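The values are calculated or read from the model by the stated rules, or taken from the named source; none is laboratory data. The structure displayed is predicted, hence computed values, not measured ones. Note that we place each Cβ from the backbone using ideal geometry, even for glycine, and neighbour counts take in every protein chain shown.
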C-alpha cells in the first residue's frame, strides 16, 4: 500500500527544510519534512483558508483538525492570542513538526496525535480544517459531521475544498448537517466554506 500524508506512521526518509512565509501580515517559519502534507510550502488552499478566516462572535477555543505541520493553527494562535488553540493530526511526524513549530513561532497551542476526533475533548467556538481529500469523501464528510458535535452553539466550521476535488458535494453535505453554509471565498477553483451551528 502506498503511503500518504494521512498515514499514522510515515516511513519516507526524512528531508527536513524550513519554510518562511507571510500569513495574516505576520512572518512565520515552519519546519517541514517528507511524509507530511504540502512539505514544500504552504499550499494555496490552506493560505486562502487562513486569510479568509474571521474570528467568531462567541467565546471559546479553536481547533485545527488535520493540522499537518501546523500553519493554520499556529497562524490563528498568533493572530488571536487570547484564544486557546488545539491542533490534531493522525500523522505522528506531522504532530512532532507541529509541536516544534509552535515553539519556533513562540505561540501557545496544544498538539495531539488523533485519528480524527478520537483524542479530542470539549467543545470549540471554531473548527478549522483543510481536510485530507485523498483519504476519500467518506473521511472528509465524517470530519464535517464530527465537527458539528464538537462545536459550541453558534460555533463555526471553516473548511476549504477545491471544486475538482469535491467542493459541490462537500457543500451539499455541509448544508445537510448545518443548514445554511456561507461561501466566504472563491479563488482559483478553491472554495472556503463557513458552516455555523445554530
*asked:* Consider the stretch 136-150. How many of its residues are out of contact with any helix residue (DSSP H, G or I) (no Cβ under 8 Å at 6 or more places or on another chain) and within 18 Å of residue 190 (Cα to Cα)?
replied: 1
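Of everything in the stretch 23-54 that's surrounded by fewer than 16 Cβ atoms within 10 Å (Cβ to Cβ) and out of contact with any helix residue (DSSP H, G or I) (no Cβ under 8 Å at 6 or more places or on another chain), which residue is nearest to residue 103 (Cα to Cα)?
So, considering only residues that are surrounded by fewer than 16 Cβ atoms within 10 Å (Cβ to Cβ) and out of contact with any helix residue (DSSP H, G or I) (no Cβ under 8 Å at 6 or more places or on another chain), the one nearest to residue 103 (Cα to Cα) is 27.
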*The lone exception for residue 91 - which of (1) crowded, with 21+ Cβ neighbours inside 10 Å; (2) modelled with pLDDT of 95 or more; (3) more than 11 Å from the chain's Cα centre (by Cα) it fails*: (2)
_Given the options 57, 64, name the one that is at pLDDT 95 or above, surrounded by fewer than 19 Cβ atoms within 10 Å (Cβ to Cβ) and over 21 Å from residue 188 (Cα atoms)._
57
*In the stretch 151-172, what residues are touching a helix residue (DSSP H, G or I) at 6+ places or on another chain (Cβ under 8 Å) and surrounded by 21 or more Cβ atoms within 10 Å (Cβ to Cβ)?*
157, 158, 159, 160, 161, 170
